[in-house]
1. For residue 269, indicate whether it is buried (at least 18 other Cβ atoms within 10 Å of the Cβ) and either touching a helix residue (DSSP H, G or I) at 6+ places or on another chain (Cβ under 8 Å) or part of a helix (DSSP H, G or I) (or both).
2. Which count do you get for residues in the stretch 10-24 that are more than 19 Å from residue 279 (Cβ to Cβ) and at pLDDT below 90?
3. Return a yes/no flag: does the stretch 101-119 have any residue that is outside any helix (DSSP H, G or I), out of contact with any strand residue (DSSP E or B) (no Cβ under 8 Å at 6 or more places or on another chain) and at pLDDT below 90.
4. What do you reckon, is residue 31 buried (at least 19 other Cβ atoms within 10 Å of the Cβ) and under 30 Å from residue 120 (Cα atoms)?
5. With the requirement that a residue be in contact with a helix residue (DSSP H, G or I) (Cβ under 7 Å, 6 or more places away or on another chain), in a helix (DSSP H, G or I) and within 26 Å of residue 267 (Cβ to Cβ), what does the stretch 173-218 give you?
6. Given the conditions (1) within 46 Å of the chain's Cα centre (by Cα); (2) under 14 Å from residue 128 (Cα atoms); (3) surrounded by 17 or more Cβ atoms within 10 Å (Cβ to Cβ), which single one is not true for residue 188?
7. Are any of the residues in the stretch 158-172 more than 21 Å from residue 110 (Cα to Cα) and assigned to a loop (DSSP other than H, G, I, E, B)?
8. Quick one: in the stretch 293-313, which of the residues that are exposed (fewer than 12 other Cβ atoms within 10 Å of the Cβ) and under 19 Å from residue 53 (Cβ atoms) is nearest to the chain's Cα centre (by Cα)?
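The values are calculated or read from the model by the stated rules, or taken from the named source; none is laboratory data. Quick caveat: nothing in here was measured; it's all calculated off a predicted structure. FYI the Cβ positions are ideal-geometry reconstructions off the backbone, even for glycines, and counts take in every protein chain you see.
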């Protein structure tokens with residue numbers, strides 16, 4: 001089941017490599033163009049990941065403050081961290097997924113390179129079996145193609161199919177390139193030329209180390225893993241420089257800086273040189289991508305930060321103006337209230353004075369201001385009237 005799933009995963013990649021091989025008639029150039037197209041397809045997702053990672057890098061100061069503040073409360077620290085991520089719109093895991101993306105592509109490409117008949121030309125296993133039988137009948141040396149029983153020396157057959165060595169299909173394709181009459185009637189067959197700038201991309205660099213000789217064909221193969229590791233390390237250093245890490249993350253990043261290049265060197269030495277070409281191209285394209293995206297997002301984030309600061313400053317000034325306006329309105333209101341109060345007091349004073357004049361003077365008799373009334377008679381108690 002898994003082999004079937006793996007086969008169908010390889011189909012789109014094989015289709016791409018086949019198109020570029022037919023256009024260029026160069027296996028190495030086809031691999032490089034294949035890598036470029038894959039990078040372009042994944043570019044939108046990697047841009048999103050890069051942006052999130054750069055935002056994470058810029059949050060390192062705030063993250064450190066939270067870690068210091070809640071050093072004794074892990075739950076509260078995690079809660080505040082998640083709150084910070086949500087406010088800033090970042091995902092701390094977004095960069096991890098895309099960093100592992102080259103590996104499944106590497107595995108699919110390895111299958112395409114290792115099994116050119118079934119995974120590159122997309123021919124059936126029955127065709128492979130018929131070609132093995134035809135090559136055996138034609139007297140072609142099959143020692144590096146089929147698996148042989150150590151006791152009898154005969155080819156090992158399982159479920160009616162001759163078992164091939166790990167790179168049996170590659171060696172079979174090479175052998176059949178010298179016997180075109182054996183493949184002339186097979187639909188979909190084409191000779192694969194693994195030569196690239198004088199190097200055999202189907203060979204493994206470790207074989208070149210074992211059979212070392214001062215020839216370009218050998219030295220060039222050995223240089224491929226070295227260039228793969230060097231380009232990977234350079235790309236990792238550029239990434240670390242653009243996204244500096246602090247604390248435990250810095251240690252893990254530094255460890256990855258050494259592990260990934262060493263891993264790529266190992267892979268490139270032990271597998272066909274075509275995979276090393278892919279790894280070099282992938283690292284070089286990733287390096288260019290990192291530089292361009294780093295510059296682009298730095299300028300964009302600087303502009304966003306400037307706009308945010310300007311917005312905060314504008315909001316602060318607006319609130320200050322609003323506060324001043326409210327204070328002025330409050331002062332005016334107080335003045336108006338005081339003026340109104342004074343007017344009322346003046347009116348009351350005037351009214352009191354008027355009332356005082358109208359009652360105390362008109363009704364005064366001696367020291368009694370309200371002695372007079374409507375029935376007042378000045379001579380009421382005058383004795384002379386009697």
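1. Details: buried (at least 18 other Cβ atoms within 10 Å of the Cβ): yes; either touching a helix residue (DSSP H, G or I) at 6+ places or on another chain (Cβ under 8 Å) or part of a helix (DSSP H, G or I) (or both): yes.
In short, yes.
2. Looking only at that region, the number is 2.
3. Let us first name the residues in the stretch 101-119 that are outside any helix (DSSP H, G or I), namely 101, 115.
Filter once more, keeping what is out of contact with any strand residue (DSSP E or B) (no Cβ under 8 Å at 6 or more places or on another chain): 101, 115.
Of the ones still in play, those that are also at pLDDT below 90 are 101.
Scanning the stretch 101-119 turns up at least one residue that is outside any helix (DSSP H, G or I), out of contact with any strand residue (DSSP E or B) (no Cβ under 8 Å at 6 or more places or on another chain) and at pLDDT below 90.
4. On the way: buried (at least 19 other Cβ atoms within 10 Å of the Cβ): yes; under 30 Å from residue 120 (Cα atoms): yes.
Judged against the criteria, residue 31 is a match.
5. Matches in the stretch 173-218: 173, 205, 206, 208, 209, 218.
6. Among (1) within 46 Å of the chain's Cα centre (by Cα); (2) under 14 Å from residue 128 (Cα atoms); (3) surrounded by 17 or more Cβ atoms within 10 Å (Cβ to Cβ), the lone unmet condition for residue 188 is (3).
7. Taking the stretch 158-172 and keeping what is more than 21 Å from residue 110 (Cα to Cα), we get 158-162.
In the following step, the residues that additionally are assigned to a loop (DSSP other than H, G, I, E, B) were identified as 159-160.
Yes, that holds for at least one residue.
8. Result: 295.
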